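The values are calculated or read from the model by the stated rules, or taken from the named source; none is laboratory data. Because the structure is a prediction, the values reported are computed rather than measured. Cβ sites come from the backbone with ideal geometry, for glycine too, and all protein chains shown count toward neighbours. With ligands, DNA and RNA removed, areas are computed over all heavy atoms of the protein, side chains included. Shrake-Rupley method; radii C 1.70, N 1.55, O 1.52, S 1.80 Å.
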Amino acid sequence: MAEALRPYFRTLEVSDIGGYGYGDRRDFLSIESRPITDWVITNPPFRLAEDFFLHAHQIARVGVALLVRTVFLESIGRHQRVFSKFSPTMVAQFSERVPMVKGRLDPKASTATGYAWIIWRKPLVQDTRLVWIPRCRKVLERSTDYEPGFLSHSSVTGKISRESAGISDL
């Protein structure tokens with residue numbers, strides 16, 4: 001995800017508790033609870049997605065974007081704890097099934113699970129916009145996404161700056 005975001009942000013802070021060789025190894029939920037970054041954009045562990053949102057909302061100045069299973073939108077309890085208090089700006093539903101495999105990339109993976117981006121911009125809105133992400137995997141996927149060592153490339157550990165990536169301001 002960080003590789004895809006790199007062209008759009010001056011600096012990225014990349015971390016994962018899993019230690020997959022990409023970014024710093026750190027527990028996101030242990031980061032101090034004060035505004036320290038503009039955006040938090042993450043694919044949280046599904047069982048912790050609600051906790052990730054609540055924490056991310058405290059530390060993000062501009063917004064939060066979570067890539068979650070579509071089923072995250074369901075639940076009376078989650079509605080009371082999250083959606084009734086923090087109405088998302090947008091829910092962007094993938095129209096195709098996007099396969100995700102824990103800790104690795106697999107071009108042949110398939111899935112029956114639906115995913116969506118849920119995005120909150122500050123200040124919060126009253127009405128949520130629902131959009132569909134059209135079929136795009138085959139268009140956006142690159143053969144280099146699956147090269148050996150892609151996730152452990154030295155230029156993507158820790159903080160990533162646009163300058164070190166050879167990206168200049170437009």
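Going through Pro88, Pro107 one at a time, which residue ends up being modelled with pLDDT of 95 or more and of a type outside the set (Asp, Glu)?
Testing whether each residue is modelled with pLDDT of 95 or more and of a type outside the set (Asp, Glu) leaves just Pro88.
So the check is Cβ under 6 Å with 6+ separation or different chains; which pairs have a first residue in segment 43-72 that's over 13 Å from Ile31 (Cβ atoms) and in contact (Cβ under 8 Å) with a residue 40 or more places away in the chain and a second one that's in a strand (DSSP E or B) and of a type in the set (D, E, K, R)?
Close Cβ pairs (under 6 Å, with a partner that is in a strand (DSSP E or B) and of a type in the set (D, E, K, R)) amount to Arg61/Asp38; Val62/Asp38; Gly63/Arg121.
Any idea how many residues of segment 77-93 are among the polar types (S, T, N, Q), open to solvent by less than 40 Å² (accessible area, probe 1.4 Å) and not in a strand (DSSP E or B)?
Residues meeting the conditions: 2.
Anything in segment 110-134 that is more than 14 Å from Val62 (Cβ to Cβ), hydrophobic (A, V, I, L, M, F, W, C) and touching a strand residue (DSSP E or B) at 6+ places or on another chain (Cβ under 8 Å)? List them, or say none.
Looking only at segment 110-134, we keep the residues that are more than 14 Å from Val62 (Cβ to Cβ), and these are 110-118, 126-134.
Going one step further and asking which of them are hydrophobic (A, V, I, L, M, F, W, C), we end up with 112, 116-118, 130-133.
Residues satisfying the conditions are Ala116, Trp117, Ile118, Leu130, Val131, Trp132, Ile133.
I'd like the residue in segment 9-55 that is at pLDDT below 85 and among the hydroxyl-bearing types (Ser, Thr, Tyr) and, out of all such residues, is farthest from Val98 (Cα to Cα).
So the residue we want is Ser33.
What number of residues within segment 16-40 satisfy the criterion of being of a type outside the set (Asp, Glu) and touching a residue at least 60 places away in the same chain (Cβ under 8 Å)?
Of the residues in that region, 5 qualify.
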